[in-house]
Amino acid sequence: MIYSAGGIPVLLPNIEKPNEKLFCEIAHNIDGLLLSGGGDISPEYYGKKLSSYEKGVSPRRDFFEFHFGKYFIENTEKPVLGVCRGHQVLNVILGGDLYQDIAEMWNSKKQIVKIEHRRHGEKEKRSWHKVRILKPSKLFDILGCQIIIVNSSHHQIVNIISNRLKISAIGPDEANEALEFNGERFILSIQWHPESIDNEYSKKIFSAFVEASMIK
């Protein structure tokens, strides 16, 4: 999707013992940072204990993404796009936290509406649901509409939101589906997987990210 939008994708290594000099070199040589999907985030990064909820935690990946992500945000003005896990990582980097499982959100809010965010026991584990885009927001400016259908494959979700971010999309169960920076800088994250949806809305998200990365 990055390539299709006119960018050149560059993979970053999950180096175990990075340093500020390395971070500086990497940040200098890329024009934007995509925090992609993946396994669960270790709860130590948002002040909770490991539980039976967590699946596929990678200490090495967590360490690199959190430390480099924080450096990149604090030391550059370049754009950041978070997808699924990346949506959650961005919030935690900036001081927010997560529900370790979607059931915690439903129980805490006594939700009447419950929707499927991940299909269990099936080969295709992604479910589909509506998302409402809030306006005014950067995401609304990009997509140009308020209701879209998205795919979903996660069980952790944003709880307390960083005070440097604001909500720009919510699901039918009031789940936080998108965040963006409080300010002009392009920092945007979404809970769904636009890279797996072949439609104009997914293309618009990646095109906006690549275009922002080209601004010098």
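What follows is calculated from the coordinates using simple rules that are stated; it is not laboratory data. Predicted model, so just to flag it, every value in this text is computed and none were measured. Note that each Cβ is placed from the backbone with ideal geometry, even for glycine, and that neighbours are counted across all protein chains shown.
For the reader, a short list of remarks on this structure follows.
- Estimated translational D of the stretch 38-107 in µm²/s (Stokes, Kirkwood radius over Cα pairs; 4 °C; 1.567 mPa s): 102 µm²/s
- Span per principal axis, largest first, for the Cα atoms of the stretch 124-216 (Å): 40, 31, 21
- Reducing the stretch 157-207 and the stretch 22-68 to their Cα centroids gives an inter-centroid distance of 18 Å.
- Counting beta carbons within 10 Å around each of CYS24, CYS145 and listing the fewest first gives the order CYS145, CYS24.
- Every helix of 4 or more DSSP H residues in the chain counts as -39500 (n - 2.57), and over all residues that averages to -9000 deg cm²/dmol at 222 nm.
- Loop-resident trypsin sites (Lys or Arg not before Pro) (DSSP state other than H, G, I, E or B) in the stretch 142-211 with no more than 12 further Cβ atoms inside 10 Å of their Cβ are absent.
- With all pairs of separate Cα atoms included, the stretch 20-214 yields a Kirkwood hydrodynamic radius of 17.0 Å.
- Taking the number of Cβ atoms within 10 Å of each Cβ as an exposure proxy, the fewest-first ranking of MET1, MET214 is MET214, MET1.
- Counted by neighbouring Cβ atoms within 10 Å, the residues ARG85, ARG61 run from fewest to most as ARG61, ARG85.
- Scanning residues 5 or more positions from HIS129 or on other chains, those with amide H under 5 Å from its amide H are VAL150, with H placed 1.01 Å from N in the peptide plane.
- Spin-label model distance (nm) - LYS203 vs LYS70, 7 Å beyond Cα toward Cβ: 4.0 nm
- Exposed-loop-free span, longest in the chain, where GluC sites (Glu not before Pro) count as exposed if DSSP calls them loop and at most 16 other C-beta atoms lie within 10 Å: 17-76
- The distance between label points at ASN163 and ASN14 comes to 3.3 nm (points 7 Å beyond Cα on the Cα→Cβ vector).
- Remark: spin-label model distance ARG132-SER196 equals 2.6 nm, labels positioned 7 Å along the Cα→Cβ axis.
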